[in-house]
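Structure first, commentary second.
The values are calculated or read from the model by the stated rules, or taken from the named source; none is laboratory data. Remember, it's a predicted structure, so these values are computed and weren't measured experimentally. When we count neighbours, we look across all protein chains shown, and the Cβ atoms used for this are built from the backbone with ideal geometry, even at glycine.
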Amino acid sequence: MRFARQTWTVAGKDLRSELRTKESLNASISFAVVILVLFSFAVDPTADQMREMSGGLLWLVFSFAGALILNRSFARELGNDCLDALVASPVSPAALFLGKAFANYVLLLLVELVTLPIFGVLYNTQWARQPAMLAAVMLPATWGMTVIGTIFSALTVNLRMRELMLPVIIYPMMIPVLMAAMRLSTILINGEAIPADDWIWFKLIIGFDIIFTSLSLALVEVVLVG
Amino acid sequence: MRFARQTWTVAGKDLRSELRTKESLNASISFAVVILVLFSFAVDPTADQMREMSGGLLWLVFSFAGALILNRSFARELGNDCLDALVASPVSPAALFLGKAFANYVLLLLVELVTLPIFGVLYNTQWARQPAMLAAVMLPATWGMTVIGTIFSALTVNLRMRELMLPVIIYPMMIPVLMAAMRLSTILINGEAIPADDWIWFKLIIGFDIIFTSLSLALVEVVLVG
Amino acid sequence: MTNMGNNILYVMGIVAGLWLARNVHEIFLGLPDEAAQGAIYRILFFHLPSWFTCFTAFLLAGVSSILYLTKKNLVYDTFAVSAVEVGTVFTVVGLTTGSIWARIIWGIWWTWDPRLTWALITCIIYAGYLMLRRAIDDPTARAKNSAVLCIFAFASVVITYKAIDWWRTQHPGAVLSFRTGGGRMDPAMESILYQNFFALLLLTSVLVVLRMRQEAMSREIEGLRRHAHAL
Amino acid sequence: MSAVAADGVWKYYGDFPALRAIRLSVEQGECLALLGRNGSGKTTLIRILAGLLGAQQGSVSIFGKDPRHSSAREAMGMLGHGIGVYDELSAYENLLLFANLYGVKNPGECAREWLQRTGLDHVASSLVREFSRGMRQRLAVARAFLHRPSLFLLDEPFTALDDRAIALLQGLLLEARERGATIIMSTHQLREAMELATKVALLNRGKLVFEGPRPAEMLQDPTWLYRQYGEG
Amino acid sequence: MSAVAADGVWKYYGDFPALRAIRLSVEQGECLALLGRNGSGKTTLIRILAGLLGAQQGSVSIFGKDPRHSSAREAMGMLGHGIGVYDELSAYENLLLFANLYGVKNPGECAREWLQRTGLDHVASSLVREFSRGMRQRLAVARAFLHRPSLFLLDEPFTALDDRAIALLQGLLLEARERGATIIMSTHQLREAMELATKVALLNRGKLVFEGPRPAEMLQDPTWLYRQYGEG
Ligand code: HEM
Ligand SMILES: Nc1ncnc2c1ncn2[C@@H]1O[C@H](COP(=O)(O)OP(=O)(O)OP(=O)(O)O)[C@@H](O)[C@H]1O
Ligand SMILES: Nc1ncnc2c1ncn2[C@@H]1O[C@H](COP(=O)(O)OP(=O)(O)OP(=O)(O)O)[C@@H](O)[C@H]1O
Ligand SMILES: [Mg+2]
Ligand SMILES: [Mg+2]
């Protein structure tokens, strides 16, 4: 009960301060558009090629644009030593982590929601043929990204070279879930059914979520208290 | 004379402190590999597709990995308010800018030099068929990236949301030079001669370099002094 | 460390060296060429043991990271970093031998097959671990943060190991009898393979112990420097 | 039971001992001024007492509990170098947030009360981003006081404050001391601290070289203690 | 010719006037203590004098030159809130760098001399990253002094320093004043400043409300001036 209230308070604070200025949201979305444009120069996708790469491209964009938001998550606490104030308060570190993760999750989903139609227009792709299934991929895969991003944002928050270390660490760690999401999304966007062989990807995402969420909850106190 | 000495001193300082720890160099190179891996999921590189996209992919990697280095450039001055100390010293802002740009240039070229063979191996591409011409594209194109990156790194250094703003601003600004470099590199990597039509891309890069270098030199004083 | 410890280390090093030399002799002169691949298959005797060695090193590093987080004794951290460093070297050896092999029998250095890709990712992740350590000055914080990363990182080792079971790969599937139930490999060959693995493991232990000493030494020096600074 | 007790606390940064066998106890209602030269370990000690850092050896107890125990954390008010409030939230929202996190009853009312007491009620809905340094510091004080802590941990609280802000803080601390709260503060500004301190501790390179009631000499000549023990 | 002269300087942050019609002149060899409550504009003024910020109206001259003129910058030694030295370079390399940038003759020798004078010669080749706060501040002082500036601009130089470090800085400043250097420093630590100051200026919400020789009353009672003008 208390735990839930604390989680909610933390998530509420993060969402409120983000939605007030919309700074990272705007930056993230415009970065997504920038990447989409850059890609179109790089790969000049014909309709056929797009069939094969739509999912891949989409998740590349999600992960690059999302990193901006994840990056800010704990960096936001740095400015005025707010992290100390939070950690010294009676909030349990797990509630703190979950609260921040929820806030990031909402923001990432917002970015994805805005990016998807833009992607559809720019690359002339009908992405909404199987919306329910697509959501069933996006929701857990985004959670996986969020958990990794949030915990490593906490881990690197006090580093001298945060902006450098974060991309080097989080992208490789996210790869399992990204790979799975890319593969499944490509199939879904092309309007096909998921072949029996490929259900393993679903399991991978779910397993990833469960393992890394529990690991993060178990380790976050250690991470935050020196 | 004095100007050259100051430029050299600034460049030397940046290079020395970077090469001592090699932090951003290492981070940038391993980020380059990470991106190469990520792309492989997205594009399923068969020989045929690679022919068309090799240059595009290469410069996407260069620009993403290079951004880490450009990002650090002025951020390095933030820590202990070193920027104030530099700006208050008798160094002319143009020398300061050029010095930092040279240091970044050297580092970016190093990253590209390391990334190229890795790219060649991972994507099974013979990139070295026309090495001299490739260098003739890479040297000025990288300078273009460097100038844009350095000046905007200076511009955003005092912004609260530096990590957010920089990518959103610099990639769109770099697009002309990136586009030209992508196109030319693809042709060169495939071992073809540059068609008469495509010389315009060369001119674009050179023009870009000249214009943005002069603009930056003219404006850097305004950028640095509030 | 004591003289005794040094002597044991020397002996271990020499034994490992001799054992490896004997194995090499056996592999190149004792074993016949393989029917399909000719001479090149011999690289397997280095390829597979170096992967096993690096997996073992990463596993031990992960365990020792957990121990660090529970016991807060820097010895565990010292072990973890030494194991990861040596393990990363063997990862690179595994990638290189694999690439050479691939070049000869597949005609290309690299292909984006899940096994290969995951092996590369593992390499990047542990390189990231080493980079993270260099970015933190305070040894205690460094130990803590890298321990957490080391635990997360082990997931990639598991995926690399299981990749051949989970996906259809171009990379060959399991050959060792403990995974296949036997029959895919000649017992004589398999025995040499294990012998090479244990010889490498012995060598690894020597390297890890040396590296641990050096790490402890440099930490001590760092402490002394801070002392000097405080004067 | 002491309000704060540290027993044989060692803290290493790597192999460098920043704190060496610290043994300290502060009774309820006392106000301890923690003195020491730059780098002597004051910040480290305060962070350990606050549960923000773990000690390698020794034990710390806050009202008999581990510092990370939630009842210990509820009793603590911490003011470090940073102000610990968010730039993107308004003054009121910041206080409301912390009131909620501390589980204060009537959070809204409590936040408003503290805005008033620190003279910020006229800017309650302005974003902190727009505040001047002095106003920020006031808000930080409000944040640290609003759950009526019974233990204050303050790291150089008077630094860079003007006379008015110092007077405000001293007033609030005096009031807290009168209602029985315990105070531990580190400082280089001895004069300001001596008005409050009932007890003094001196750190020298990580060792506690003096702990006891404030020597009478220090009221006249605040650096007296340094000269006594400074070279030890 | 005054060493420093500001005439009708206005500085706005957006619509907010942080400095209003500042008119100030400091003769060579004087030491001005710039006082004022939090947010009164001290830092802003010092940064404008140093040429780090541009004023919207009015003019500033340093020895008769624009602050951005290179001869003015060569004459200036600036010490702000940050230390202005690089973490990844050694103490010696840092000083060498600034000696080179200032075009000092014999940069190497000069760097070594200042390491010695600030008591850092035994750690000359350690990276600054490893330094404690006190050592960093010493190095910052060395950086600001090494080209023998004839004008010092110091923003709260005594903040968070211990007695020893304060004594070092005061000694160096006294020496500089004796050789004829001009000093402008902002501070809240009036006692430390009054030992040096020959002149006092008081800012109140961006206006200069007092400028003149240090009132004798302030030696006994440093806050005297605040009480005289504080509410103005
Ligand atoms: C760069 C390329 C390569 C990489 C990264 C790579 C990676 C690996 C890894 C990680 C293992 C660990 C095996 C385990 O513990 O199950 C392994 C085993 C093995 N590799 Fe490779 N490999 C590469 C190329 C090759 C090639 C070209 C061949 C032969 C065609 C090959 C044949 C084998 C065999 C037979 C095993 C033993 C399989 C087992 O029993 O599990 N590898 N390799
Ligand atoms: N994160 C860290 N990593 C390594 N050493 C540290 C770290 N923090 C502090 N130290 C060292 O520990 C010692 C004590 O530092 P601490 O900050 O506690 O001193 P302090 O008494 O607060 O000093 P000051 O008066 O300057 O604030 C110093 O020698 C410092 O160099
Ligand atoms: N970058 C900025 N943007 C907007 N307003 C600012 C900025 N910097 C300062 N101000 C405002 O200008 C005024 C003067 O600030 P300044 O920092 O010069 O005061 P100060 O006298 O140095 O105060 P302190 O004693 O707290 O250091 C303050 O009201 C502050 O809020
Ligand atoms: Mg301190
Ligand atoms: Mg100020």
Original post:
Which of the residues spanning the range E:41-66 are surrounded by 19 or more Cβ atoms within 10 Å (Cβ to Cβ), among the small types (Gly, Ala, Ser) and touching a helix residue (DSSP H, G or I) at 6+ places or on another chain (Cβ under 9 Å)?
Top reply: E:Ala50, E:Gly51, E:Ala55, E:Ser61
Original post:
Mind checking which pairs have a first residue in the range D:29-52 that is over 17 Å from E:Gly134 (Cα atoms) and a second that is basic (Lys, Arg) and more than 16 Å from ligand 5 (Cβ to nearest atom), Cβ under 6 Å, 6 or more apart or different chains?
Top reply: D:Glu30/D:Lys199; D:Cys31/D:Arg177; D:Leu32/D:Lys199; D:Leu34/D:Lys42; D:Gly51/D:Arg68
Original post:
Where residues in the range E:1-34 are in a loop (DSSP other than H, G, I, E, B) and within 14 Å of chain D (Cβ to nearest Cβ), which of them is nearest to ligand 1 (Cβ to nearest atom)?
Top reply: E:Gly14
**OP:** Report whether or not B:Leu60 is out of contact with any Gly (no Cβ under 8 Å at 6 or more places or on another chain), of a type outside the set (Gly, Ala, Ser) and in contact (Cβ under 8 Å) with a residue 24 or more places away in the chain.
**Re:** yes
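The rows are residues; the columns are (1) within 16 Å of ligand 2 (Cβ to nearest atom); (2) free of Cβ contacts under 8 Å to residues at least 12 places away in the same chain; (3) surrounded by 18 or more Cβ atoms within 10 Å (Cβ to Cβ); (4) closer than 20 Å to B:Thr46 by Cβ.
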residue	(1), (2), (3), (4)
C:Gly94	no, no, yes, no
C:Ile104	no, no, no, no
C:Trp109	no, yes, no, yes
C:Trp112	no, yes, yes, yes
C:Arg115	no, no, yes, yes
C:Ile121	no, no, yes, no
C:Gly128	no, no, yes, no
C:Arg134	yes, yes, no, no
C:Pro139	yes, no, yes, no
Subject >> D:Leu127 under 15 Å from the mean Cα position of the chain (by Cα), more than 16 Å from ligand 1 (Cβ to nearest atom) and at pLDDT 90 or above >> reply: no
**OP:** Take D:His69 and decide whether it is within 16 Å of ligand 5 (Cβ to nearest atom) and in contact with a strand residue (DSSP E or B) (Cβ under 9 Å, 6 or more places away or on another chain).
**Re:** no
Original post:
If you take the residues in the range E:26-52 that are over 11 Å from E:Leu208 (Cβ atoms) and of a type in the set (S, T, N, Q), which one is farthest from ligand 2 (Cβ to nearest atom)?
Top reply: E:Gln28
**OP:** Would you mind stating whether C:Gln195 is of a type in the set (S, T, N, Q), more than 14 Å from chain D (Cβ to nearest Cβ), buried (at least 17 other Cβ atoms within 10 Å of the Cβ) and in a helix (DSSP H, G or I)?
**Re:** yes
**OP:** Please go through the range B:170-226 and pick out each residue that is of a type in the set (Phe, Trp, Tyr) and closer than 16 Å to B:Met145 by Cα.
**Re:** B:Tyr171, B:Trp201, B:Phe202, B:Phe208, B:Phe212
Original post:
Quick one: how many residues across the range A:23-42 are within 13 Å of A:Phe64 (Cα to Cα) and without any contact (Cβ under 8 Å) to a residue 12 or more places away in the chain?
Top reply: 3
Original post:
Of all the residues that make up the range E:115-141, how many are away from chain D (no Cβ under 14 Å) and part of a loop (DSSP other than H, G, I, E, B)?
Top reply: 2
Original post:
If you take the residues in the range D:121-134 that are out of contact with any Ser or Thr (no Cβ under 8 Å at 6 or more places or on another chain) and in contact (Cβ under 8 Å) with a residue 24 or more places away in the chain, which one is farthest from ligand 5 (Cβ to nearest atom)?
Top reply: D:Val123
Subject >> Yes/no for D:Ala99 being more than 16 Å from ligand 2 (Cβ to nearest atom), in contact (Cβ under 8 Å) with a residue 60 or more places away in the chain and more than 9 Å from chain A (Cβ to nearest Cβ) >> reply: no
**OP:** Mind telling me which of the residues E:Ala144, E:Ala167 ends up being surrounded by 20 or more Cβ atoms within 10 Å (Cβ to Cβ), more than 9 Å from chain D (Cβ to nearest Cβ) and small (Gly, Ala, Ser)?
**Re:** E:Ala144
**OP:** Read through the list (1) in a helix (DSSP H, G or I); (2) over 14 Å from A:Thr115 (Cα atoms), then give the number of the only condition that A:Leu25 fails.
**Re:** (2)
**OP:** Tally the residues that are in contact with a Leu (Cβ under 6 Å, 6 or more places away or on another chain) and either surrounded by fewer than 22 Cβ atoms within 10 Å (Cβ to Cβ) or within 14 Å of another protein chain (Cβ to nearest Cβ) (or both), restricting the search to the range C:49-85.
**Re:** 1
Original post:
If only one of D:His69, D:His81 is within 14 Å of chain A (Cβ to nearest Cβ), within 14 Å of ligand 2 (Cβ to nearest atom) and surrounded by fewer than 18 Cβ atoms within 10 Å (Cβ to Cβ), which one is it?
Top reply: D:His81
Subject >> the range E:111-133, subset within 16 Å of ligand 4 (Cβ to nearest atom) and surrounded by fewer than 21 Cβ atoms within 10 Å (Cβ to Cβ), residue nearest to E:Ile62 (Cα to Cα) >> reply: E:Arg133
**OP:** Answer with yes or no whether B:Met182 is within 30 Å of A:Thr21 (Cα to Cα) and buried (at least 23 other Cβ atoms within 10 Å of the Cβ).
**Re:** no
Original post:
Do you know which residues across the range E:148-162 are away from ligand 4 (no atom under 12 Å from the Cβ) and more than 13 Å from the chain's Cα centre (by Cα)?
Top reply: E:Arg148
